[in-house]
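Remarks on the structure that follows.
The values are calculated or read from the model by the stated rules, or taken from the named source; none is laboratory data. All values reported here derive from a predicted model rather than from experimental measurement. Virtual Cβ from ideal backbone geometry, glycine too; neighbours counted across all protein chains shown. Heads up: the accessible areas ignore ligands, DNA and RNA and are worked out on the full protein's heavy atoms, side chains in. Shrake-Rupley method; radii C 1.70, N 1.55, O 1.52, S 1.80 Å.
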Amino acid sequence: MIFLKTDEEIELLRENNILVSETLAEVGRHIRPGVTTKELDRIAEDFIRAHGAVPAFLGYQGYPASLCISVNEHVVHGIPSDKIVLKEGDIVSVDCGTFMKGFVGDSAYTFAVGEVAEEVRQLMEVTKEALYKGTAQAKAGNRVGDISAAVQEYAEKFGYGVVRELEGHGLGRKMHEDPGVPNYGARGRGPLLKEGMVICIEPMINMGNKAVVFEEDGWTVRTRDRKPSAHYEFAVAIRKNGPDVLTDFSIIEKAI
Ligand code: MF3
Ligand code: CO
């Protein structure tokens with residue numbers, strides 16, 4: 001069931017997603033060679049709590065941390081660890097969720113650790129652009145498939161693999177609401193988009209093959225061919241005048 005949000009509810013979702021953006025900016029300021037993903041998780045948890053929210057991921061279906069931190073071939077849902085030490089040339093996808101005032105924020109950003117290879121930089125840029133291409137389709141009267149197809153077509157133009165096993169979702173009082181928002185699909189298909197819907201669009205794009213495997217820890221998803229993967233996510237409200245992005249990547253990009 002899809003829950004349509006009032007203007008007031010959309011503002012509470014915006015507050016959450018701005019806090020997520022600020023948390024990702026704070027994490028981004030600490031990303032450098034030598035830092036562990038566990039340290040980044042602690043920084044995020046402290047920051048979220050200091051701003052009157054709680055980490056939405058912590059305890060979600062038993063998830064043990066505040067962030068998902070996925071390095072290089074890890075696609076999503078990497079568990080922060082004191083054994084994972086970032087090094088120059090890595091890319092690190094950080095996914096963050098907050099809960100306050102009855103609503104959830106959920107967004108992700110892929111950061112470079114120092115200088116990364118040109119082909120890896122392109123993977124990051126194309127994945128973010130695929131998110132923007134999908135977002136442009138998030139308007140009343142379109143269907144979810146219009147978003148999905150826009151993401152898929154753009155990423156595949158570069159020969160990249162579009163992950164099938166995970167998808168975006170509605171966002172509200174719960175982190176995962178209807179509808180599902182796949183990153184592949186056909187224009188004109190899927191649920192109709194209506195004013196008041198809030199969705200997370202979150203392309204997970206592999207430099208190589210689209211296939212992924214699930215690691216033994218029960219969470220981490222990695223590419224089967226062990227080539228790198230990037231992930232960007234933001235929350236978008238469907239409004240009268242078109243897509244209203246509730247997350248603010250410029251807060252992150254000013255910080256890094
Ligand atoms: N942000 C992820 C998503 O968009 C969810 C994180 S999984 C969790 O679906 F278990 F860590 F919460
Ligand atoms: Co999400």
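Couple of notes before you dig in:
- Residue check for G134: among the small types (G, A, S), within 16 Å of ligand 2 (Cβ to nearest atom), open to solvent by less than 10 Å² (accessible area, probe 1.4 Å) and modelled with pLDDT of 95 or more: yes
- Criterion: more than 16 Å from ligand 1 (Cβ to nearest atom), open to solvent by less than 10 Å² (accessible area, probe 1.4 Å) and of a type in the set (D, E, K, R) - qualifying residue of D146, D90: D90
- Checking T127, T110, T98 one by one, the residue that is assigned to a helix (DSSP H, G or I), touching a Ser or Thr at 6+ places or on another chain (Cβ under 9 Å) and closer than 29 Å to G59 by Cβ is T127 and no other.
- Within segment 181-202, the set of residues being open to solvent by less than 10 Å² (accessible area, probe 1.4 Å) and acidic (D, E) is empty.
- Selection status of F111, of a type in the set (A, V, I, L, M, F, W, C), in contact with a helix residue (DSSP H, G or I) (Cβ under 6 Å, 6 or more places away or on another chain) and open to solvent by 20 Å² or more (accessible area, probe 1.4 Å): no
- The residue that is farthest from ligand 1 (Cβ to nearest atom), among those in segment 41-73 that are under 30 Å from A117 (Cα atoms), touching a Cys at 6+ places or on another chain (Cβ under 9 Å) and in a strand (DSSP E or B), is L67.
- Candidate set: segment 163-211, residues that are more than 16 Å from ligand 2 (Cβ to nearest atom) and in a strand (DSSP E or B); chosen: the one farthest from the chain's Cα centre (by Cα): L192
- Taking segment 211-235 as the range and being open to solvent by 20 Å² or more (accessible area, probe 1.4 Å) and of a type in the set (D, E) as the test, the residues that pass are E215, E216, D217, D225.
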